[in-house]
Amino acid sequence: MQEEKTAADKPTPRMFSWARNSTIYRLGRRMHTEKQLFDAIARKAREKFEGIGEAQVRMLAEAAVKFAYDNKALDDEAYAAAGSRSGMRNGRSRRAVALKLTRKGIARETAAAAVAGIDDLFAALVLARKRAFGPFRKVDFDDKRKAKELAAFTRAGFGFEIGRTVLAMPQEEAETILGVGSPF
């Protein structure tokens with residue numbers, strides 16, 4: 001009786017084959033973190049295989065992650081570096097990018113190392129250009145507009161000093177920083 005239970009707790013070769021193929025498919029479409037891949041394989045295994053046990057689900061997900069690492073298709077540091085570059089180009093602050101990376105399952109130390117290269121002034125200028133704030137403003141500047149723009153910078157994770165600097169910056173200087181200061 002115990003041997004039957006032990007055999008049922010192990011995934012079948014067909015299940016392992018499915019997990020490997022599913023891993024190849026997922027990583028071929030986009031980058032994943034270790035946590036994202038583990039969760040996706042576990043979720044899909046529960047949907048695909050009727051009556052699958054939690055031990056089998058965990059073993060399949062672990063096998064998928066190991067397969068991805070063995071084939072160098074999974075790299076949380078590379079994922080974090082790409083995410084931080086993308087975040088800066090899209091006007092996200094260092095703080096916002098680090099929070100997003102940790103929510104995706106990247107270790108705090110890895111996320112901190114990845115966001116260390118983000119230039120918050122550059123990212124704040126990108127946000128200002130997107131929203132027509134500060135030097136890119138098309139409407140008259142008054143106290144109400146100033147409060148609105150500073151609040152937007154704060155909600156985006158930028159410090160008060162960065163927001164104030166961007167609001168006071170002339171458009172030529174901002175365009176110079178965006179054009180020349182772009183590390184990408």
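Nothing in this text is a laboratory measurement; each read-out follows from the coordinates by a stated rule. Note that the structure is a prediction, hence the values are computed from the model and not measured. Cβ: placed from backbone, ideal geometry, glycine included. Neighbour counts: every protein chain shown.
Using the Cβ-Cβ distance between E172 and A82 with R0 set to 41 Å, the FRET efficiency works out to roughly 0.85. In this rough spin-label picture, where each label sits 7 Å from Cα along the Cβ direction, the I24-R58 distance is 2.9 nm. When Lys and Arg each count +1 and Asp and Glu each count -1, what net charge do the other residues less than 14 Å away from A80, Cβ to Cβ, add up to? Counting the neighbours of A80, the net charge comes to +3. For K66, the aspartates and glutamates whose Cα comes closer than 17 Å to its Cα, not counting residues fewer than 8 places off in the same chain, are E34, D39, D75, D76, E77. If the segment from D9 to D143 were pulled out straight at 0.36 nm per residue, it would be longer than the present Cα-Cα gap by 41.6 nm. Of the labelled figures [x] 47; [y] 68; [z] 56, only one reflects percent of Cα pairs over 23 Å apart as derived from the coordinates, namely [z]. Structural descriptor for the stretch 6-73: relative contact order 46 percent, calculated from alpha carbon pairs under 8 angstrom and at least 6 residues apart.
In this model, which of K48/K100; K44/K130; K35/K146; K10/K72; K48/K104; K100/K148 are farther than 32 Å apart at the alpha-carbon? Where the Cα-Cα span goes over 32 Å, the pairs concerned are K44/K130; K35/K146.
When you filter the chymotrypsin sites (Phe, Trp or Tyr not before Pro) in the stretch 85-179 for DSSP loop state and at most 12 other Cβ atoms inside 10 Å of their Cβ, you are left with F141. Net charge in the neighbourhood of R155 (other residues with Cβ under 12 Å of its Cβ; Lys, Arg +1, Asp, Glu -1) is +3. Here the stretch 120-184 and the stretch 33-111 have alpha carbon centers that stand 33 Å from each other. Each Cα pair under 8 Å and six or more residues apart adds its sequence gap; the mean of these over the residue count of the chain is a relative contact order of 18 percent.
With a Förster radius of 35 Å applied to the C-beta separation of A132 and D75, the computed FRET efficiency comes to 0.40.
Computed extension length for M31-A107: 25.7 nm, one decimal, from 0.36 nm per residue of separation with the Cα-Cα distance subtracted. Its residues counted as N, the stretch 129-184 yields a C-alpha radius of gyration over 2.2 N^0.38 Å of 1.12.
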